[in-house]
Amino acid sequence: MFETRHDETTVQLLVSGEQDQSAIRDLLLSEYDVVVDDEIQPASCYLIEDRLLPKYGSQLLAHKQAEHPTFCPVVVIKRQDSSFSLGGTQQVWQREQAVVDDIVAAPINEQVLNYRLENLCIRRVQSRKLTTQYEQIEARYERLFESAEEAIIVVDVESNEIVECNRAACELFGYSKFELQRLDPSGVIQFEDGCEFTEFTEHLSQQDAGVTKTLICTTQWGQSVHAEASAAAIEHAEQQSVLLLIRDISERVRRQKQIRVLNRVLRHNIRNSINVVSGYGELISESTADDDVSAFAAKVVDRSKELLDLSEKSRTVSNALQAGDELQSLDVVAVLDRIRAALSDEYPHARIELTAPESAHVFGNSYLQTALYELCENAIVHSTQDAPLVDISVTEAQSAVTVRIEDRGTGISEQELAMLEGEETALRHGSGLGLWMVNSVVDGIGGELDISTDSTRGSVVTVSLPQPAD
């Protein structure tokens, strides 16, 4: 009859009076192993008389809690003259609501009793299976947690205590698990933006999305380790917690510092050397009467100026690519107005037309203006007209803003377009550096860059930028 219950067939009977015990026991013996004892024993189900519930209620509740999440059913036998109910509001009834799972009325109907117990025991079998699956999943999680190469710590939001940490976290901070869990996390973790640790966890616990932040970890030996943490709010042991997955980026930071120093030294030395070469070229051009020598010297001066321009552009590109600006809402029309004013001052012979709505907000950072300026300036510089014409238009459609920049120049060479893919040809190293910077900035803010070019009609550059959600 109860094949799905397997061995879940033990019922403890908690009933006063030998006659009642014997009668109920006889009803159950055909399907269950019945235990009659004054002390709580291990069982699949408990059948208790309502007037004994105050005596055994606390013990049964403790037993159910110990078995959790496995279901441990308790059924109350309600006497005819009893006022027992699960709908009361008194404290004693509220406690019993947590203990009692079902009620059968006396005198007991054998069919009703067996039907109730069958359903409860089936639920117990199912809950045991789910418990086993949960334990297996938890065991796998524990193995993954401990074997992860990146440091993981879990911090309770309310107490601000480290409640869990893995092997990698102990190795990063230099403490044993026992020692690390007894440390104030704010004493070993400092955010580079100055945010307080408790402020960070409280704020994160109130939002759905996770965040990534850079921080400094202080080890047991007093060393400062640059790190990056991906953090998210989780439910841990029925408490609100924050999980931080911490990656050591010290080597990356060290390389970035070395590159910045190297770039700065190289640019400084190259600029000084090119200034010297350019100065000598001008002196030669001014002091010679030989037209050929003067022409060669002029070429030296022109090429020196090109190298100086490239050096300055490489500095702009380096700053733009290394910037960690957070995205914010920007009015791209206002940005283009500023660009138009600046270019009109620098290139008074150029005509710059802007067709746009009063405003159009996009996601961007401080280097979006640098990228758009680069595109507009290129349209002027590469124009073949005496009075270069640059048409700029702004349109809004489908959660995006499109900026279209059209010129009448010589088009963009294949070598420069190749820079968009990170390629570099042997013929013109770095000639498309500015275009590469533009593509990197636009891509970094989630936009798209499209270029249509023709050597006889000029180029059309289209920049699609995401709009902030309303």
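The values are calculated or read from the model by the stated rules, or taken from the named source; none is laboratory data. Nothing here was measured: the structure is a model prediction, and the numbers come from that model. A quick note on method: Cβ atoms are made from the backbone with ideal geometry, for glycine too, and the neighbour counts reach across all protein chains shown.
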Review point. Do we have Leu172 as touching a strand residue (DSSP E or B) at 6+ places or on another chain (Cβ under 9 Å) and within 20 Å of Glu251 (Cβ to Cβ) here?
Key: yes
Study note, to complete from the structure: Contact list, first residue from the stretch 242-257 and under 23 Å from Asn160 (Cα atoms), second anywhere and in a helix (DSSP H, G or I) and β-branched (Val, Ile, Thr), beta-carbon distance below 8 Å, six or more apart or interchain, is Val242/Thr201
Check your understanding: Restricting to the stretch 216-260, what's the tally of residues that are among the small types (Gly, Ala, Ser) and surrounded by 16 or more Cβ atoms within 10 Å (Cβ to Cβ)?
Key -> 6
Practice item. Please find, among Thr214, Thr201, Thr218, the residue that is at negative phi, over 19 Å from the mean Cα position of the chain (by Cα) and not charged (D, E, K, R). Key: Thr218
Check your understanding: Restricting the stretch 261-275 to residues that are surrounded by fewer than 14 Cβ atoms within 10 Å (Cβ to Cβ) and either under 16 Å from Asp302 (Cβ atoms) or among the charged types (D, E, K, R) (or both), which is farthest from the chain's Cα centre (by Cα)?
Key -> Asn275
**Study point:** Subset of the stretch 38-52 (residues that are buried (at least 20 other Cβ atoms within 10 Å of the Cβ) and not in a strand (DSSP E or B))
**Key:** Ala43, Ser44
Review point. Inside the stretch 72-123, can you point out the residues that are at pLDDT 75 or above, of a type in the set (Val, Ile, Thr) and out of contact with any Phe, Trp or Tyr (no Cβ under 6 Å at 6 or more places or on another chain)?
Key: Val75, Val76, Ile77, Val99, Val100, Ile103, Val104, Ile108, Val112, Ile122
Exercise for review: Among the residues of the stretch 101-143, write down those that are touching a residue at least 12 places away in the same chain (Cβ under 8 Å) and closer than 30 Å to Arg167 by Cα.
Suggested key: Leu130, Thr131, Tyr134
Study note, to complete from the structure: Within the stretch 221-253, the residues that are more than 18 Å from the chain's Cα centre (by Cα), closer than 18 Å to Glu149 by Cα and not hydroxyl-bearing (Ser, Thr, Tyr) are Val225, His226, Glu251, Arg252
Exercise for review: Tell me, please, whether a residue that is at pLDDT below 85 and among the small types (Gly, Ala, Ser) can be found in the stretch 217-235.
Suggested key: no
Study note, to complete from the structure: Residue pairs qualifying under the 8 Å Cβ cut-off, at least six apart or on distinct chains, with the first in the stretch 7-26 being more than 13 Å from Leu47 (Cβ to Cβ) and at pLDDT 90 or above and the second being assigned to a helix (DSSP H, G or I) and of a type in the set (A, V, I, L, M, F, W, C), are none
Exercise for review: Select the helices (runs of 4 or more DSSP H) contained entirely in the stretch 102-215, then report the ones holding at least 2 residues which are buried (at least 17 other Cβ atoms within 10 Å of the Cβ) and touching an Asp or Glu at 6+ places or on another chain (Cβ under 8 Å).
Suggested key: 110-147, 167-173
